Amino acid sequence: MVKKLMGHIGEYKKNMILSPVFMIGEVAMDVFIPYLMAFLINNGIQKGDYDYVIKMGVMMLVMVLIGLFCGTMSGTHAAIASTGLARNLRRALFARVQTFSFENIDKFSSSSLITRLTTDVNSIQNSFQMVIRSLVRAPLMMIFALVMSFVLEPRLGSVFLIAIPIMALVMFFVIKNAHVYFKKMFKEYDHLNNDVQENLLNIRTVKAYVREDREIEKFNKVAEKLMDFSKSAEKIVILPMPLMTVIVFGVIIIDSLLGGHFIVNGEMEIGNLTTLFTYALQVMMSLIMISMILVMVVMSMASAERIVEVLDEKTTIENCENPIKEIKDGSIRFEDVSFAYKGGDDKDVLEHINLEIASGETVGILGGTGSSKSTLVQLIPRLYDVSHGAVYVGGVDVRELDLTALRDQVSMVLQKNELFSGTINSNMRWGDANATEEEIRHACELARADEFIDGFELGYESKIEQGGTNVSGGQKQRLCIARALLKKPKILILDDSTSAVDMKTDAMIRSAFANEIPNTTKLIIAQRISSVQDADKIVVLDEGKIAGVGTHEELYAGNKIYKEVYDSQMKGGDDDAA
Amino acid sequence: MPRRPMGPPPKMEKGRMKSVFLRLLKYIVGVYKIQFVVVVLCIILTAACSAIGTGLLQNLIDEGIMPQIGAAHPDFTRLYQVCAMMGAAYGVMALCQWVQARLMINVTQGTIYTIRTEMMKKMQSLPLSYFDTNAHGDIMSCYTNDTDTLRQMISQGLPQVTSSVLTIVVVFGSMIRLSWQLSLVVIAFLLFIVYAGKFLGGKSARYYVAQQKSVGKVNGYIEEMLGGQKVVKVFNHEEQSKAEFEVLNDELRDNASKAGIFANILMPIMAQMSNFLYFFIAVVGAALIIKGILPISLGVLIAFLQYTKNLTNPITQVSQQISGVVMALAGGDRVFRLIDETPEVDDGKVTIVRVKEENGQLLECVERTGRWAFKVPKEDGTFDFVELKGRVDFKDVTFGYNKEKVVLKDLSLYAKPGQKIAFVGHTGAGKTTITNLINRFYDINEGQILYDGIDVRDIQKSSLRHSLGIVLQDTHLFTGTIKENIRYGNLNATDEEVIAAAKLANAHHFITHLEDGYDTVITGDGGMLSQGQRQLLSIARAAVANPPVLILDEATSSIDTRTESIVQEGMDKLMEGRTVFVIAHRLSTVRNSKAILLLENGVVVERGDHRDLLAQHGKYYQLYTGAFELD
């Protein structure tokens, strides 16, 4: 997994390597300066050699400057490498998501994908930087300090050899145990957030049913649990600090005792002892740092997993080899099609659908909630692949057609459609990047969007806010239809796209379609029966099966469901006004 | 756990900061008096022990070691003595560190718990207008980011700052005791470090702001594009959005790496400055000793050097913690603002109770008789019982969500007991507002709303709302099973009652088709259910509450017309004998209402039943025949 992420370091590999290299220089200086200090004390002060003191002073100044240089260089390269890695990861993720099919998107959900591209990448960026800087620095510091201790006085240096494993053991114990509690704590944290969020969303319900006290009680329970888990986790986390103090100062006292004897016996000089104290503190700081970083890295592993999951996700819909780029006409044929959403309960939501639609026909599709109307039409531009059977467009199995060509020719207005921030023009150009102003205007006229656009002060240059929140639902639907028309498709699919448009305008749009784009195959899903009543053919779906196909007259005469729907919508005010 | 990125602390008034700090202290000291005193003692002891331990170095060298060098029979008694003293000092220090940390866990977590629960308690009591004017994200972050920074400040920031400041004072004292001359050199140098730190900090703040701006842009783009990913696919727009993303992504990298470089080089600069100070003191001290200008021993110099090392650490720590503390105080400010919000007014004295009739007299009872009465307190302490019929009158009601914009103007209307009243009209005409006023989600500016002749402001809110069942436009569900969600309407409902309610709402069919039936767990706001199914659950929830008055706010807007006609049957059963207010988008759902009120800009423009209104050939007629869009 780590290898996979690191594969994205790319052009920043150089920085990733340089940062630790410079770090070696900085650490070396941090260790050499106290070493020289021992000499300064031994040979300079004790012997009263003024020139030697100055000489050492100059050497240390040089070392400080080298340390400064190496330190800043290491920091600079670390920053470049980590932000670079983050950029490459975001880029790879974004590109990967672009190849996703609807099925892939459903699997992850948009909000989870967004978190992965933002929060998770950020967490990786931070831990990566920590690793290449501090995780290099701390062990290096420890090794250098240890080596130098041995150089100064092997007998005292060996005290470290006993102390370090003990400290490492303490750290290991803490990290291992704290991790369990932290996991529990984070889970409870999620519960707490979820609870608050729910209460914010449901505040009207809570108030309407006067359930405030119950909600407070529920929240208090979660908060209490969170408190308990946090306490358990922290009880372990606070242990290293006092233990480290005991161990390190224990080392210093043992050094003092032994060192005192050595010095008095003339086997060691006094400056060496003080330098050893410095090293002891450096070793302790390094160990504490390592433990801190390890905790952070462990936490960011979850993020790494989530990122790799996206990068590894196989696109479920891809072009076949040598796809056909030419789409002859707008005819559609469903041949014994069954479909089940993967990852669900694998229940077929469409069963044995057989349907033939000629090029240029207008087809209405009716059916209740959950009758799989949307699913049926989404198979045409291969937003999903059939589980069984085949869908043919222009006489060719859609799986043999080039995806881009297919989707260019099959224009679909989704039920949950989106406009993007920009202008009306920029949104329209999603349909055709090179559309002229006349073409845009014409498409808007067909979709009956021109009336209200002309009413806007800036006309076609009017701003659209994210999600199209600054136009009404009916206006949004008409803009989406216009955008779909700009593709000049052979097949146009409207999935409940005029539900917020009034009946009169709805009728005008349909008649515009009939007159202006007679050769385009039109599939219209609607709740309102008037929207499909005059179609060449109406398909009635019921629980994933075709319950009837025919014209309005035929169905009204022979189809129970159709008649029911029709009557429920058309019954006048005569029977129940009293 | 959400973390706010480190950066320049947000601006806040000094006085406000102080009051937030004092208030927080009151939370801590108020509950944890003893712990607080012990913690402060521990911090003092830790700092003192650390200074004493370092100071003992001088005794170690000057008294324990140096005098014995060259002695024929060295006497190590003093060495042992000093080492034992050091051991004692550091032992006490370690113990104090642990005790302090251990106590702080309880103090911190306890305080945070108190703050969290106080926030929730207050939040539940706030009027809806609060939730309208404050973004959910902002309220959320009071519970997450803001309490988290508070937690960090209480558990780490405050003790560290205190102990650092103490250490600095103690160490400084000891340094001056050892040699005031060398101390002067240290002070001069420290002033320089502080100044340099300030300079660099200011620079990095500028880059940090640029970085945050880029982060905002990139996140915004990601949200928009991934949110609309299906549209991107349908329009073959992948390559273009990739290209647009690259531009923003590269811009973020440039700004982030600049900000990162500055943040990264700050540490080595500080570290090398402290190294410089370390050897500079050594060289200066050595020179002074050798030249005989300063009469100090080697032990003093070594101890002094060790103090210098001890000094730079707490100084960097304080500077690091300061921004954290300021950030936490800003968070605390937001938290306290929430806790200080004014709750909704509820001074009604009249309650609504279940009653039964005995000998022509209404008596309060607990069993579900289906009859309700207002319990009106009289001056002499007894109560009058007035049976609840369900008549609602609006008398010259004027209301606006804020002062600038009036939504309803001098509105008068009435609903007779058991009537079904429907409101139709454009979005923003004031339909939902009217129902929001009946149950006092909002209070009116002028006029009167009477519930069976009693002003709703005289009725206790909880009573009022219990008597009004409501099915809302947007149905949100709670995490829990389906059964629990339905039971939300009446916590004492038996399983049979829950199922009966689901059957009434025609939700039973789809529920039994779910794998776990009524025990299916709903997560993430019922994402796996369709909007229509969620609405059915919400209708069932209202049914199980069994209230005398019902408000249906676009209750069937997401259900297809065929299903709706089925639901309608159930709803008709539910509505029987109750006063019902219906708001509908689709005219077909309101046709059978007793009275239909067409609203326009907060004024009733037409009133009558379906047939009357069609005959009038007015606005309703136009709506019905489709000349307008209802939106």
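Bear in mind these aren't lab numbers, they're just calculated from the coordinates by the rules spelled out. Since this is a predicted model, take the numbers as computed values, not measurements. Neighbour counts run over all protein chains shown; Cβ positions are idealised from the backbone, glycine included.
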Just for the range B:392-624, what percent of DSSP beta bridges are antiparallel, to the closest 5?
50 percent
Place a point 7 Å from Cα of B:Val345 in the direction of its Cβ. Which residues in the range B:418-448 have their backbone N less than 11 Å from it?
B:443-446
Can you find, among B:Tyr621, B:Ala287, A:Ser426, the residue farthest towards the positive end of the dipole of the protein assembly as shown? Put +1 on the C-beta of Lys and Arg, -1 on that of Asp and Glu.
B:Ala287
How well do other chains shield peptide A:227-238, expressed as the mean number of their Cβ atoms within 10 Å of each residue Cβ?
4
Note on the range B:170-265: alpha-carbon gyration tensor, axes a ≥ b ≥ c; rule is a/c under 1.5 for rounded, else prolate if a/b larger than b/c, else oblate; result prolate
Would you work out which of A:Leu226, A:Thr83, A:His179 lies farthest towards the positive end of the dipole of chain A? Charges go on Cβ: Lys and Arg +1, Asp and Glu -1.
A:His179
Rounded to the nearest 0.05, what FRET efficiency do B:Lys291 and B:Phe199 give with R0 = 41 Å and r taken as the Cβ-Cβ distance? Could you check?
0.70
Out of B:Ile454, B:Val424, B:Phe36 - ranked by how far each Cα lies towards the positive end of the dipole of chain B, with unit charges on the beta-carbon of charged residues - the top one is B:Phe36
What's the center-to-center distance, using Cα atoms, between the range A:230-282 and the range A:158-186 in Å?
18 Å
Under a Cβ-Cβ limit of 4.7 Å, which cysteines in chain B have nobody to pair with?
B:Cys49, B:Cys83, B:Cys142, B:Cys365
Taking a straight Cα-to-Cα line shorter than 17 Å from B:Lys503, and setting aside same-chain lysines fewer than 8 residues away, one finds B:Lys483, B:Lys573
Below 14 Å, Cα to Cα, which aspartates and glutamates can B:Lys378 reach? Residues fewer than 8 away in the same chain don't count.
B:Asp458
Within the set A:Lys560/B:Lys230; A:Lys13/B:Lys203; B:Lys375/B:Lys395; A:Lys314/A:Lys416, which residue pairs have Cα atoms separated by over 31 Å?
A:Lys560/B:Lys230
Once both labels are modelled 7 Å past Cα along the beta-carbon direction, what's the B:Thr398-B:Asp254 spacing in nm?
5.7 nm
For A:Lys563, which lysines qualify as cross-link partners when the Cα separation must be under 19 Å and same-chain residues fewer than eight apart are set aside?
A:Lys373, A:Lys537, A:Lys545, A:Lys571
Sort out for me the Cα centre separation of the range A:107-149 from the range A:402-432, rounded to whole Å.
40 Å
Send over the per residue convex hull volume for the range B:14-339, Cα only, as a whole number of Å³.
195 Å³
Would you mind computing the Rg to Rh ratio of the range B:236-341 from its alpha-carbon coordinates, Kirkwood style for Rh?
1.32
Determine ³J(HN,Hα), in whole Hz, for all residues of the range A:36-49 in sequence, where each value follows from phi through the Karplus function 6.51 cos²θ - 1.76 cosθ + 1.60 and θ = phi - 60°; x replaces Gly and Pro.
4, 4, 4, 5, 4, 6, 5, 8, x, 5, 4, 8, x, 8
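What does the extension gain come out to for A:Lys14 and A:Ala433, with contour length at 0.36 nm per residue minus their alpha carbon separation?
That works out to 146.9 nm of additional length.
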Residue-wise HN-Hα coupling along the range B:262-274, computed from phi with Karplus coefficients 6.51, -1.76, 1.60 (Hz; x: Gly, Pro)
4, 5, 6, 7, 4, 5, x, 5, 4, 4, 5, 4, 5
Classify the range B:392-624 as rounded, prolate or oblate, taking a ≥ b ≥ c as the square roots of the eigenvalues of its Cα gyration tensor: rounded when a/c is under 1.5, otherwise prolate if a/b is larger than b/c and oblate if not.
prolate
Average beta carbon contacts from partner chains per residue of A:89-101, 10 Å cutoff
5
Among DSSP beta bridges whose residues both lie in chain B, state the antiparallel percentage, nearest 5.
65 percent
In terms of modelled amide H atoms, which long-range or inter-chain residues lie less than 5 Å from the amide H of A:Asp329?
A:Gly394
Show me, for the range A:514-519, the HN-Hα J-couplings you get by feeding each phi into the Karplus relation (A = 6.51, B = -1.76, C = 1.60, θ = phi - 60°), rounded to Hz, glycine and proline as x.
4, 7, 8, 10, x, 8
Note down the magnitude of the dipole of the protein assembly as shown about its Cα centre, charges +1 on Lys and Arg C-beta and -1 on Asp and Glu C-beta and zero elsewhere, to the nearest 20 debye.
4080 debye
Lys, Arg +1 and Asp, Glu -1 on Cβ, resulting dipole of the range A:2-312 about Cα centre, debye, nearest 20:
880 debye
Given +1 on the Cβ of Lys and Arg, -1 on the Cβ of Asp and Glu, and no further charges, what dipole in debye does the range B:305-361 carry about its Cα centre, rounded to the nearest 20?
500 debye
Where the eigenvalues come from the Cα gyration tensor of chain B, what are the semi-axes √(5λ) of the equivalent ellipsoid, largest first, in whole Å?
72, 31, 22
Give me the distance in nm between label points sitting 7 Å out from Cα along the Cα-to-Cβ direction at A:Thr316 and A:Ala514, one decimal.
3.9 nm
Percent antiparallel among DSSP beta bridges confined to the protein assembly as shown, nearest 5, equals 60 percent
Shape verdict for the protein assembly as shown, please, from the Cα gyration tensor: rounded (a/c under 1.5), prolate (a/b greater than b/c) or oblate.
prolate
Okay, helix-only estimate at 222 nm for the protein assembly as shown: each DSSP H run of n ≥ 4 adds -39500 (n - 2.57), divide by all residues, round to 500 deg cm²/dmol; what do you get?
-20000 deg cm²/dmol
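Between A:Met301 and A:Asn220, how high is the FRET efficiency from 1/(1 + (r/R0)^6) when r is the Cβ-Cβ distance and R₀ = 41 Å? Nearest 0.05.
It comes to 0.80.
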Could you pull out every residue, at least 5 positions away or on a different chain, whose amide H is within less than 5 Å of the one on A:Thr362? Hs are placed 1.01 Å off N in the peptide plane, and Pro or chain starts have none.
A:Lys522, A:Asp536, A:Lys537
May I ask you to derive the FRET efficiency for A:Glu564 and B:Val209 from their Cβ-Cβ distance with R0 = 51 Å, giving the value to the nearest 0.05?
0.25
Taking neighbour counts of Cβ atoms within 10 Å as a proxy for exposure, in what order, fewest first, do B:Tyr620, B:Tyr80 appear?
B:Tyr80, B:Tyr620
Quick query: amide H of A:Val349 versus all other amide H atoms, modeled in the peptide plane; which residues come in under 5 Å with a sequence gap of 5 or more or a different chain?
A:Phe339, A:Ala340, A:Tyr341
Taking 2.2 N^0.38 Å as the expected size of a compact globular protein, what ratio does the Cα radius of gyration of chain A give against it, to two decimals?
1.46
Test item: A:464-477 mean partner chain Cβ contacts at 10 Å
2
Label 7 Å along Cα→Cβ of B:Val31; the range B:83-107 residues with amide nitrogen under 11 Å?
B:106-107
